[in-house]
Amino acid sequence: MEELEKHARIFNLIAPFYNRFFRSQVRSYRSILDKYEELLNIPPGGRVLDIGCGTGAFISCFAERGYQTVGVDFSASMLKAARKSTRGKAIEFVQGDATQGLDLPDKSFDLVLSSYVLHGLSSALRQRIYEEAGRLSRGRVLFYDYNQKRRWFTDFVEWAEGGDYFGFVRQGEREMRVYFHDVKRVDVGPQTALYICSQ
C-alpha cells in the first residue's frame, strides 16, 4: 500500500535520529502514567500492546511497572532502535502492520495503546487501527495524540511530514466514537490528549 510504504521509508530513515529523544520521551511518559495509570484499569501483571511502538519509549514504561508488554511496529529500523534502547527489559517486539491485521488472538490484551500514530495516517487507515485495537483489547484502548488545539510550528512540521494531522485534529475523536462505546478525552498538554476508549 503506497501510503504505508511511504511511512515505512520515512521512519526507517529517521529511526537513529528519533532515538535520540528516547530518554526525554520516557520521562514524559512516566509522568503521564504517574498521573493517569489508574484510569487505564490494567490488572496487576496485565498484558499491554503498543501499536506503532517506535523506539519503545512508551511500552518500556509499562514494562517497568511489571506489565507483560508487546511492541509492534512496521519499521524494522524503529524496532532495531527499540531493542537497543530497552535492552534488559522484558518487552517482546514484533514487526507487523496493524492496518492489515496482526497475528494475535482476539481479546488477548488488557490494554492496547497507540501513541502519536493516528494523526500521521489517512482516515481510512485510522479506522483500521480502531478496529484492530478493539479486536485485541479485552479492556481499555488508549490513544495518545494531538487534541484540537493547534500551534503554527506543529502545523508546519506535520504538514511537511505529509500525514493527515489536520484531518485527525478535526475529526479524530468523532471517528473513535463510531468504534468505541465510550471515549474519554483527557488533555495532558497544550496540544496533546489521552483518548481512553472502552468497548
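No value in this document is a laboratory result; all are computed from the given coordinates. Quantities reported herein were computed from a predicted structural model and do not represent experimental measurements. Using ideal geometry, Cβ is built from the backbone for each residue, glycine included, and neighbour counts are taken over all protein chains shown.
Summary table
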read-out	value
Fewest-first sequence of Glu173, Glu38 by Cβ atoms within 10 Å of each Cβ	Glu38, Glu173
20 Å Cα-Cα reach of Lys149 towards lysines, excluding residues that sit fewer than 8 places from it in its own chain	Lys184
Cα-based reach from Lys89 at 26 Å (exclusive), listing lysines while leaving out same-chain residues under 8 positions away	Lys35, Lys80, Lys107
Taking Tyr179, Tyr195 and counting other C-beta atoms within 10 Å, the order from fewest to most	Tyr179, Tyr195
Theoretical FRET efficiency, 1/(1+(r/R0)^6), r = Cβ-Cβ of Arg30 and Ala124, R0 41 Å, to 0.05	0.75
Contact order normalised by residue count of the stretch 35-163, Cα under 8 Å, 6+ apart, percent	25 percent
